[in-house]
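Undergrad: If you scroll down you'll find the structure; I have some questions about it.
The values are calculated or read from the model by the stated rules, or taken from the named source; none is laboratory data. No experiment lies behind these values; they were computed from the predicted model shown. Note: ideal-geometry Cβ built from the backbone for every residue, glycine included; neighbour counts use all protein chains shown. For accessibility, only protein heavy atoms count, side chains too; no ligands or nucleic acids. Shrake-Rupley method; radii C 1.70, N 1.55, O 1.52, S 1.80 Å.
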Amino acid sequence: MSADPLSAFRRGNDRDRDRRAEHVTPDTGTDEVDVDGVLERRRSELLQSTLTAPPPTTSEPVSTPPGEREPQVANIVTTTPSAPTRPSPPAAHPLGPPPTSNAAGRVRRPAVYNVSKEVAHGLRVLRGAREQDYPLLIATALDEAAAKVPVAPEAIRKRNRFSGERITVELDPSVREAIKTAAQERNLNASAFVTQLLEQWIPSRVLRGQLHL
Amino acid sequence: MDATLKVQRGTRRAAEASHTVASGLAELARLLPTVRQLPSPRVLVFAAGKGGAGKSSSTANVGAILAAAGYRTLVIDLDIQANQAALLGVAQDPDRAGELDDGRSFLSAVVAGDGDLVRPLIEVRPDLHLVAAGLQTRKLSDYLTMTKEAERQRAVRVVIDRLVQLHDIDVVVLDSRPAGELLGEVSLLAADYIAIPLKTDALSWNYGFDTIARLYAESGASARLLGSYLFATGSANTRIQADTRRELEDKLGDIAPVFRTVIPHSEKAAKDQSESGLTADEYAMASAALAKPFFVDPAAPKFANNSDGISSAYASLAVEIVTEMVRIPE
């Protein structure tokens, strides 16, 4: 095979050099590139970009018609940790006011929510993407979707875990109460309510994309 | 093999792949300010002389990686098959599928010479916009056939230039028809940079390089060839890969490099990704999170074994492409 036909490509190199020579380079003001900053900003943008689901538009209670299954099993299982943990001091966060009732010495118990298979898949995908953001993802999801559940990320510890289709989240009691109250207002139990919130929040493409893989 | 050990190995592979992708993103982010100093627009086309060479997959996955690294990226699909809408998950998304217009708005814009008429799908991923194709794209080909040869490049380029300006785009990636067809030729003409995926078979050689080179020479295109790379080659064929690479390097000489990256082959990954609309990176993440050995969970979704390798490969390819883009040609 001859290399001759390819020599035409030299024209592209010539033109690229000419374009650069004619081009006035914009002054960026600095030679230093803050890669960490770019990635951090990027990570934050990615996080925000997933929060596309609007909050519920109706405040009417949502109930499951008689005879129809609720979204998966609907019960809260609570367990007592082996030793009481001392909560971190609350911090201000744009996602919502800091938890107010995590008084020192109060036992924080993890709540276990059973969510739908699709939601569990979606959360796993998102968690796999940015594990360090997971507590913030959950917190933001609840905050964005529920509106009535102000959650600071500090209120959800990093000991969240999955087992089958159950999410275990260690919540500040005030957040837990807020979820419970909001669920009751909608005639739902807490698991069904959390499932509903997360279904609205996880990008539908992620939810659906896993179904036929 | 011990099940636990096997799972751990899988996890480690995924972690390494994840690290490669993260390194790639960091390197791309580091290069971004330099890219932004290059003359704009920066239009990249993956060119091939025949179908199935890897144009569409490369477009979607490199486009997605660039966007993930913070590049404001616009993918323009000029193929009637409308692969990009499926590969980027828009066609499968009922919330967004309604925005697909079969390529009508791009056609209108080219005919009217007015880029404002295009309605791109904004943010199909963060920083990734899409001008999708469809049945109307056939009419674009018809229209350009009736346009004077000298006017074709300008007709398309003027619309792209406007889109870049309107949406502040860093890099445009074109998905085109094979170079032997009119839309493929127009893509070559409208581009600033070319990358050529190549398989190891003789047909790819004949159509992949020689046809493109002849068309390039005859059409008056002046895009810069950034490099070529082996696409979808079985990982076991290392000798064939090495032979092909050597031949390719001899052929290209000092014109352009042969990229180190080889995009691995996987029928399953290709099928799953086109059906689900997940990019290689997203597919690898889903695999790492969901895949389980059959004996652990028979009902667990099945993924391609080398999904992490494919994801890493696209990240490496994107880095090589951008590195070459910013390098001043000899």
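Undergrad: Please list, in chain and number order, the residues 5+ apart from B:E123 or on another chain whose amide H is under 5 Å from its amide H, with Hs placed from the backbone.
TA: For B:E123, whose amide H was placed from the backbone, the distant partners under 5 Å are B:L128, B:H129, B:L130.
Undergrad: For the range B:184-320, what does the equivalent ellipsoid look like in terms of its semi-axes, each the square root of 5 times an eigenvalue of the Cα gyration tensor, given largest first in whole Å?
TA: On the way: eigenvalues 225, 56, 31 Å².
Ellipsoid semi-axes (Å, largest first): 34, 17, 12.
Undergrad: Where the centroid of each part is defined by its Cα atoms, how far is the range B:106-137 from the range B:284-330 in Å?
TA: 28
Undergrad: Peptide B:252-264: average number of partner chain Cβ atoms within 10 Å per residue? Kindly include the intermediate steps, with their values, before the conclusion.
TA: On the way: counts 3, 4, 2, 8, 5, 0, 0, 0, 0, 0, 0, 0, 0.
Neighbouring Cβ atoms belonging to other protein chains average 2 per residue here.
Undergrad: Taking chain B, how much of its Cα-Cα pair set, in percent, is spaced more than 31 angstrom apart?
TA: Details: 16065 of 54285 pairs.
So the portion of pairs separated by more than 31 Å is 30 percent.
Undergrad: For the range B:157-200, just the Cα atoms, rotate onto the principal axes and tell me the three extents in Å, largest first.
TA: 39, 20, 13
Undergrad: Quick one: which of B:K268/B:K292; B:K199/B:K268; B:K139/B:K268; B:K55/B:K139; B:K148/B:K271 span more than 28 angstrom between C-alpha atoms? Display every interim value, and only then the final one.
TA: Numbers: B:K268/B:K292 16 Å; B:K199/B:K268 18 Å; B:K139/B:K268 33 Å; B:K55/B:K139 21 Å; B:K148/B:K271 40 Å.
The answer is B:K139/B:K268; B:K148/B:K271.
Undergrad: Next question. Tell me the relative contact order for chain B as a rounded percent, counting alpha carbon contacts under 8 Å between residues six or more apart. Don't jump to the answer; show the numbers that get you there.
TA: Working: 594 pairs, mean separation 83.5, N = 330.
Answer for chain B is 25 percent.
Undergrad: For the B and A pair, go ahead and give the buried accessible area with a 1.4 Å probe, both sides summed, in Å² to 100.
TA: On the way: alone 14940 and 13410 Å², together 23820 Å².
Adding both sides of the contact gives about 4500 Å².
Undergrad: Quick one: if the Förster radius is 30 Å, what FRET efficiency do B:E181 and B:Q241 give, using the C-beta to C-beta distance and rounding to 0.05? List each step's numbers first, then the result.
TA: On the way: r = 29 Å, r/R0 = 0.96.
Result of the calculation: an efficiency of 0.55.
Undergrad: For chain B, find the longest principal axis of its Cα atoms and tell me its angle to the long axis of helix B:136-145, 0 to 90°, nearest 10.
TA: 40
Undergrad: Also: How much of the calculated P(r) for the range B:224-303 lies past 23 Å, in percent of all Cα pairs? Walk me through the numbers before you get to the answer.
TA: On the way: 1352 of 3160 pairs.
Value for the range B:224-303 (Cα pairs over 23 Å): 43 percent.
Undergrad: Spelling out what I want: for every residue of the range B:309-320, take phi, set θ = phi - 60°, compute 6.51 cos²θ - 1.76 cosθ + 1.60 (Karplus), and round to whole Hz; glycine and proline get x.
TA: Each residue's phi maps through the Karplus curve to give x, 5, 4, 4, 4, 5, 5, 5, 4, 4, 5, 5 Hz.
Undergrad: In sequence order, what are the phi-derived ³J(HN,Hα) couplings for the range B:123-130 according to the Karplus relation 6.51 cos²θ - 1.76 cosθ + 1.60 with θ = phi - 60°, rounded to whole Hz, with x for glycine and proline?
TA: 6, 5, 9, x, 6, 10, 10, 9
Undergrad: Restricting to DSSP H runs of at least four residues, report the calculated mean residue ellipticity at 222 nm for chain B, -39500 (n - 2.57) per run over all residues, nearest 500 deg cm²/dmol. List each step's numbers first, then the result.
TA: Working: 13 runs with 168 residues, N = 330.
Result for chain B: -16000 deg cm²/dmol, rounded to the nearest 500.
Undergrad: Residue by residue through the range B:212-226, which ³J(HN,Hα) values in whole Hz follow from phi under the Karplus form 6.51 cos²θ - 1.76 cosθ + 1.60 (θ = phi - 60°), with glycine and proline marked x?
TA: Listing the rounded values in order: 4, 4, 5, 4, 4, 5, 6, 7, x, 4, 9, 6, 8, 6, 7 Hz.
Undergrad: A further question follows. Round to the nearest 10 and report in Å² the accessible area of B:T323, as given by a 1.4 Å probe over the protein chains' heavy atoms.
TA: Ignoring ligands and nucleic acids, B:T323 comes out at about 60 Å².
Undergrad: On to the next question. Cα-based Rg (one decimal) and Dmax (whole number) for the range B:109-170, in Å?
TA: That works out to 12.5, 38 Å for Rg and Dmax.
Undergrad: Between B:L135 and B:D168, take the C-beta separation as r, use R0 = 41 Å, and let me know the FRET efficiency to the nearest 0.05. Please list the in-between numbers first.
TA: Details: r = 30 Å, r/R0 = 0.74.
Step by step, r from the Cβ atoms, then E = 0.85.
Undergrad: Now, a different point. Report the label-to-label distance for A:Q184 and B:A299 in nanometres (one decimal), using points 7 Å from each Cα along the Cα→Cβ vector.
TA: Result for the modelled spin labels: 3.4 nm.
Undergrad: Further question on the same structure: What residues qualify as long-range amide H neighbours of B:I76, i.e. H under 5 Å apart, gap of 5 or more or another chain, H built at 1.01 Å from N?
TA: Result for B:I76 returns B:V131, B:V173, B:L174, B:D175.
Undergrad: On average, how many beta carbons from a partner chain sit within 10 Å of the beta carbon of a residue in A:11-23?
TA: Working: counts 8, 14, 9, 3, 6, 13, 4, 2, 6, 5, 2, 1, 4.
Average neighbour count from other chains, rounded to a whole number: 6.
Undergrad: Continuing with the same structure: List the pair-distance distribution P(r) of the range B:70-221, using every Cα-Cα distance, as the percent of pairs falling in each 5 Å bin from 0 up to the bin containing the longest distance, rounded to whole percents.
TA: Final binned percentages: 2, 9, 19, 22, 20, 15, 9, 4, 1.
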